[in-house]
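Taking it in order: structure first as structure tokens, then the write-up.
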Amino acid sequence: MNTQPTNQPIRVGVLGFGGLGQAAAKLLSSKREMILVAAADQKGYAYSTEGLNTQACITTYQNQGTVGYLEPVGTLSNNSIQDLIQATGNAVDGYFLALPNLPNDFIPSVAKEFIQAGWKGVLVDAIKRTSAVEQLLTMKDELQAAGITYMTGCGATPGLLTAAAALAAQSYAEIHNVEITFGVGIANWEAYRATVREDIGHMPGYSVEAARAMTDAEVEALLDQTNGVLTLANMEHADDVMLEIAGICSRDRVTVGGVVDTRNPKKPLSTNVKVTGRTFEGKISTHTFTLGDETSMAANVCGPAFGYLKAGQELHQRGISGLFTAAEIMPKFVK
């Protein structure tokens, strides 16, 4: 069990330093209860017990392609995650896996690296696909035995909106359906290459493998055809299995879809979750929870992810390990 004093900031690592990882680092720089001590990308990692300078990490990554060049705390590596775990041991309390969900077994494979290394702490992901969460579910006993508290599906959706649905469901005796609709606006798709490819993988005629194999030029060509807008419906989204596990409703009553504008920072539509059900008096009603249009995708993903990391840390300090979803545990506000 982690012995980090409760009055000390939670020592956090961010795995993946693309658009989402950089946004996570920026968010952490304003927090008192957490400190960014480690960051890793495909080509290297940086680690400092005193905390990393967020802007220096971002500048180094953008100019040189990896935080491994960050002087004097960077290390170049082709096995950056594994090497970082070995170099730091249990000196990092928790990691946010700001990693691409492609291929579908990538994040579960990263979780196995932590198990094999004997690391103990809190892992948080913002995983999207049902099938990826199902792979993690098969590792529940393994994670518990390893002393890892793993929080899965803890971004915006799945995550914040899934938790809102679980809370809204309390008004009803029976849930008829949960409908999640998201709107995302990003000024430059290249800042979120992995996220956009994941979304393309949900489009008719595309698969996870096909989207992952696309070159940047091929993605650009597709976006030219759609004027930069991706419209997604009936997505394979882990909100369904998470709400099923939490006992809210069967997965076939959950639908997820949305619109992503890759050329405009303004959201094309408001992100919301609608929970329709029957009350104990027999009334049919719908609760709607809508996110403010001014909150970005990065704010709605990273904020909840660290809120769940804090909740996971509290569980871990009580000796509770294993796999938990955003629909089972409420996030804690991080100051």
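With a 1.4 Å probe and every protein chain kept in, tell me what percent of the accessible surface of segment 204-322 is carbon plus sulfur.
Summing carbon and sulfur atoms, their accessible area is 51 percent of the total for segment 204-322.
By the gyration tensor of its Cα atoms, with a ≥ b ≥ c the square roots of the eigenvalues, what is the shape of segment 1-130: rounded for a/c under 1.5, prolate for a/b over b/c, or oblate?
Cα axes put segment 1-130 in the rounded bin.
Leaving out ligands, DNA and RNA, what percent of the accessible area of segment 1-86 is carbon and sulfur, probe 1.4 Å?
Reported share for carbon and sulfur atoms: 43 percent.
Given a 1.4 Å probe and heavy atoms of the protein chains only, how would you sort LEU222, LEU269, largest accessible area at the top?
Accessible-area ranking of LEU222, LEU269, largest first: LEU269, LEU222.
Among GLY89, TRP189, PRO268, which residue has its Cα furthest toward the positive end of the charge dipole of the chain, with +1 on Lys/Arg Cβ and -1 on Asp/Glu Cβ?
GLY89
Over the chain, average the accessible area per residue using a 1.4 Å probe and give it in Å², no decimals.
Per residue, the chain has 43 Å² of solvent-accessible surface.
Quick one: of LYS120/LYS267; LYS26/LYS140; LYS128/LYS266; LYS283/LYS332; LYS26/LYS332; LYS120/LYS335, which pairs are farther than 27 Å apart, Cα to Cα?
LYS120/LYS267; LYS26/LYS140; LYS283/LYS332
I'd like the accessible area for LYS26, computed on protein heavy atoms only with a 1.4 Å probe and all protein chains in place. Round to 10 Å², please.
Answer for LYS26: close to 120 Å² accessible.
Out of GLY155, GLY18, GLY257, any idea which swings most in a Gaussian network model of the chain, alpha carbons joined below 10 Å?
Of GLY155, GLY18, GLY257, the most mobile in the Gaussian network model is GLY257.
Roughly how compact is the chain, stated as its Cα Rg over 2.2 N^0.38 Å to two decimals? Could the numbers behind the result be given before it?
Details: Rg = 19.4 Å, N = 335, 2.2 N^0.38 = 20.0 Å.
For the chain, the normalised Cα radius of gyration comes out at 0.97.
How high is the FRET efficiency between SER131 and TYR69 when r is their beta carbon distance and R₀ equals 51 Å, given to the nearest 0.05?
The formula returns an efficiency of 0.90 here.
Can you give me the solvent accessible area of SER109 with a 1.4 Å probe, rounded to the nearest 10 Å²?
50 Å²
Which of rounded, prolate, oblate describes segment 217-325, given a ≥ b ≥ c as roots of the alpha-carbon gyration tensor eigenvalues and a/c under 1.5 marking rounded, otherwise prolate only if a/b is larger than b/c?
The shape class here is oblate.
I'd like the carbon and sulfur percentage of the solvent accessible area for segment 137-178, probe radius 1.4 Å, heavy atoms only, ligands and nucleic acids excluded.
Carbon-and-sulfur percentage of accessible area, whole number: 50.
Students sometimes get this wrong: rank MET330, MET139 by accessible area, probe 1.4 Å, all chains present, largest first.
Details: MET330 85, MET139 5 Å².
Solvent-accessible surface, decreasing: MET330, MET139.
Connecting C-alpha atoms closer than 10 Å in a GNM of the chain, tell me which of LEU243, LEU36, LEU230 has the biggest fluctuation.
Maximum fluctuation in the GNM of the chain, among the listed residues, is at LEU230.
Using a 1.4 Å probe and counting only protein heavy atoms, arrange ASP141, ASP240, ASP216, ASP293 so the residue with the most accessible area comes first.
Greatest to least solvent exposure: ASP141, ASP293, ASP216, ASP240.
The values are calculated or read from the model by the stated rules, or taken from the named source; none is laboratory data. Every value quoted in this text rests on a predicted model; they were computed, and no experiment measured them. Cβ atoms come from the backbone with ideal geometry, glycine included; neighbour counts cover every protein chain shown. Heavy atoms of the whole protein, side chains included, go into the accessibility calculation; ligands, DNA and RNA do not. Shrake-Rupley method; radii C 1.70, N 1.55, O 1.52, S 1.80 Å.
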